[in-house]
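Have a look at the structure below before the remarks.
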Amino acid sequence: MKYLLVALLSVFTVGQAISQDCERIVVNCEKLLTKNTNGSEFISDGQVYTAFLDRNQEAVFQTTFFGGSTYRIAASAGDDEDYVIFTIKDPKGQILFSNKNYKNAPYWDFKINETLPVTIITELDPDLKVTGCAIMLIGFKK
């Protein structure tokens, strides 16, 4: 019984530490969503896309971008801004954008001409971070 209690407390403590780390990363990511917007704000879509990843794991998110809108994707996995690789694919699986081609830029702005369902894949850059919480936010210009 004593060992069971110790094990449960350990799991609870680790879970709280991960949760607190993820909350801090959300704050970092929110700053990226509004960074250098030249007076025109990006408004969050209201979702916090969260994944706890280990080496070589991916998180897959589905969303729809609406035609005529300007979007920003912001991603963070810690204090350094280049930990997360995100890739946007169309319904046929073709890559529309990957920040990997831009030194893992922590955010990217783009305009969508036609409404399009997309898949966004996030992963940690294994050369920079092997495990942790990855956060992604999507915003649109108001």
Highest average packing first - 57-69, 111-123, Cβ atoms within 10 Å: 111-123, 57-69
Pairwise label distance in nanometres, VAL118 with THR64, each label 7 Å out on the Cα-Cβ vector: 1.5
Sites THR131 and ILE43, calculated FRET efficiency, Cβ-Cβ separation with R0 25 Å, nearest 0.05: 0.20
Projected label distance in nm at LYS141 and ASP109, using a 7 Å step from Cα toward the beta-carbon: 0.6
Difference of contour (0.36 nm per residue) and Cα-Cα distance, TYR102 to LYS35: 22.4 nm
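Just so you know, all these numbers are worked out from the coordinates, no wet-lab data involved. Computed from a prediction, not measured in an experiment: that's the story for all the values here. In this analysis, Cβ positions are derived from the backbone assuming ideal geometry, glycine residues included, and neighbour counts consider all displayed protein chains.
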